[in-house]
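Where a number appears in this text, it was derived from the coordinates with a stated rule and is not lab data. Since the model is a prediction, treat every value here as computed from it, not as a measurement. No Cβ is skipped: glycine too gets one built from the backbone with ideal geometry, and neighbour counts run over all protein chains shown.
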Amino acid sequence: MVGDLKQDSRYDWLSDLRGIKLVWAKYVQPREDWDHDHCLGCGQKLMDSECEDAQKLGWMTIAVPLYGDDTEWVCDDCHETFKSEFVWLEPKCEL
Ligand SMILES: [Zn+2]
């Protein structure tokens, strides 16, 4: 199965988050002029206001900023697919 995951177009992007703590969280707009982010793996939009194509919940990095100061986000679908491969161990909690 691991071999199959490596064929996935999301693999290379998400491999940067290998072993990094991700927590299940509600998306919160970081700044007035910055209202959404995208899943690092698939580009799924995350946003805290009503938007048809956006999700309000996702998995976020909390400790180590990889690129500048940005928090990275991973959508639930990518997380579910890759959580074993990239050792994302945090349980999904009620929000
Ligand atoms: Zn995704």
The number of residues in the range 1-34 that are surrounded by 16 or more Cβ atoms within 10 Å (Cβ to Cβ) and assigned to a loop (DSSP other than H, G, I, E, B) is 4
Scanning the range 52-63 for residues that are among the hydrophobic types (A, V, I, L, M, F, W, C) and either surrounded by fewer than 11 Cβ atoms within 10 Å (Cβ to Cβ) or within 16 Å of the ligand (Cβ to nearest atom) (or both) gives A54, L57, W59, M60, A63
Residue satisfying condition, being outside any strand (DSSP E or B) and either charged (D, E, K, R) or within 15 Å of the ligand (Cβ to nearest atom) (or both), within set C93, C42: C42
